[in-house]
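See structure below.
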Amino acid sequence: MAQIEIRDLTIEYRKPNSDEPFVAVDRVSLDIAKGEFVTIVGSSGCGKSTLLLAAAGLVNSASGTITINGKEVSGPGPDRAMVFQEASLLPWRSVLGNVRFGLEMQRWKKDDPTERARRFIRMVGLGAFSDYHPHQLSGGMRQRVNIARALAVDPHVLLMDEPFGALDAQTREVMGDELLKIWERDRKTALFVTHDIDEAVFLGDRVVVMGRDPGHIREIIDIDLPRPRTAAMLDSDQFAAYRRRLREGLGEDMAAMHMITEAA
Ligand SMILES: Nc1ncnc2c1ncn2[C@@H]1O[C@H](COP(=O)(O)OP(=O)(O)O)[C@@H](O)[C@H]1O
Ligand SMILES: [Mg+2]
């Protein structure tokens, strides 16, 4: 049994100022195995965020189901952690306080929350910044805190919606590399949205290509690059072939993906 089973999922929103429903995700089905890293690409508005929010239990489906570990998703839960593009940190709390916060929310008792928070802060390379506040950190550092907070609560599933979308190209490459190093340790099941094709290939066991109007899965591409992934792979012929294949799969949506960098 797959760890995440998405079955014929349809999600509707109300159009603003009207009762007319708007289909954001149309009959999407997808199975994700435990420990798999699945990336999702597609143009702005094709329902990527909506799909993740549904998995997080933050939006309801009009029809269809999402099952995680055999249990149907009906709301948020400690088995899932979400990381958004804008690091949603508490400005009045330090780095330590922010990572601890996730544990406090869950009344974490398996080990000492402060020690645990410190361990995950070290893991994301911020050991020297535990007492800093969010406004004293760069965008990349803030996103590391976000990732530490998500990982510290030991979720079964990690949901990441363009977590590096607001970072410059160089920082995002470093962050992707570091995320994989952390992920290699315990291989949490991950669903990762990006508008960067290289990032999708570099991180993913599979890349899900979505199309819009209404949001649907266009194709799913297996990425047969060995793990651990290394930066050198970015220059390989195999990588170039995946890059080409994805560009073709996205077709005209490519332009829209790169023009628009907002968190639609
Ligand atoms: N809360 C909402 N109410 C109404 N429409 C929404 C809402 N959230 C998203 N949408 C619409 O649903 C579609 C999919 O949005 P989204 O999942 O954010 O796409 P993506 O993340 O792929 O850019 C878009 O057309 C967007 O305008
Ligand atoms: Mg989005």
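Figure legend. Inter-residue proximity from segment 93-119: first residues acidic (Asp, Glu), second residues surrounded by 19 or more Cβ atoms within 10 Å (Cβ to Cβ), beta-carbon distance below 8 Å, spacing 6+ or different chains. Indicated pairs: 104/113. Of all the residues in segment 43-81, those that are charged (D, E, K, R) and in contact with a helix residue (DSSP H, G or I) (Cβ under 8 Å, 6 or more places away or on another chain) number 1. At least 2 residues being within 16 Å of ligand 1 (Cβ to nearest atom) and in contact with a His (Cβ under 6 Å, 6 or more places away or on another chain) is the threshold, and among the strands (runs of 3 or more DSSP E) wholly inside segment 18-88 not one reaches it. Pairs linking a residue in segment 37-58 that is over 19 Å from residue 176 (Cβ atoms) to a residue that is of a type in the set (Asp, Glu) and more than 8 Å from ligand 2 (Cβ to nearest atom), with Cβ atoms under 7 Å and 6 or more positions apart or on different chains, are 43/253. If you filter segment 202-235 down to residues that are under 16 Å from residue 176 (Cα atoms) and touching a residue at least 60 places away in the same chain (Cβ under 8 Å), you find that the one that is farthest from ligand 2 (Cβ to nearest atom) is 205. The conditions of being part of a strand (DSSP E or B), within 16 Å of ligand 1 (Cβ to nearest atom) and either surrounded by fewer than 20 Cβ atoms within 10 Å (Cβ to Cβ) or at pLDDT 95 or above (or both) are met by residue 10.
Of the residues making up segment 89-117, just one is assigned to a helix (DSSP H, G or I), more than 26 Å from residue 165 (Cβ to Cβ) and of a type in the set (S, T, N, Q), namely 114.
For the condition surrounded by fewer than 22 Cβ atoms within 10 Å (Cβ to Cβ) and modelled with pLDDT under 95, residue 63 does not qualify. Per this entry, residue 82 is counted among residues that are touching a residue at least 24 places away in the same chain (Cβ under 8 Å), within 22 Å of residue 205 (Cβ to Cβ) and within 16 Å of ligand 2 (Cβ to nearest atom). Within the set 87, 24, 33, the sole residue that is within 16 Å of ligand 2 (Cβ to nearest atom) and at pLDDT 95 or above turns out to be 24. When residue 112 is tested against the conditions (1) within 21 Å of the chain's Cα centre (by Cα); (2) over 23 Å from residue 32 (Cβ atoms), the lone failure is (1). I'd like to check something: does segment 249-264 contain any residue that is exposed (fewer than 13 other Cβ atoms within 10 Å of the Cβ), touching a residue at least 24 places away in the same chain (Cβ under 8 Å) and touching a Phe, Trp or Tyr at 6+ places or on another chain (Cβ under 9 Å)? No, segment 249-264 contains no residue that is exposed (fewer than 13 other Cβ atoms within 10 Å of the Cβ), touching a residue at least 24 places away in the same chain (Cβ under 8 Å) and touching a Phe, Trp or Tyr at 6+ places or on another chain (Cβ under 9 Å). Between 174, 145, 201, which is of a type in the set (Val, Ile, Thr), more than 12 Å from the chain's Cα centre (by Cα) and closer than 27 Å to residue 110 by Cβ? That would be 145, the only listed residue that is of a type in the set (Val, Ile, Thr), more than 12 Å from the chain's Cα centre (by Cα) and closer than 27 Å to residue 110 by Cβ.
Return yes when residue 196 is of a type in the set (Asp, Glu) and under 16 Å from residue 48 (Cβ atoms) and no when it is not. Here the answer is yes, as residue 196 does meet what is asked.
The values are calculated or read from the model by the stated rules, or taken from the named source; none is laboratory data. Note that this is a predicted model, so its numbers are computed, not measured. Note that each Cβ is placed from the backbone with ideal geometry, even for glycine, and that neighbours are counted across all protein chains shown.
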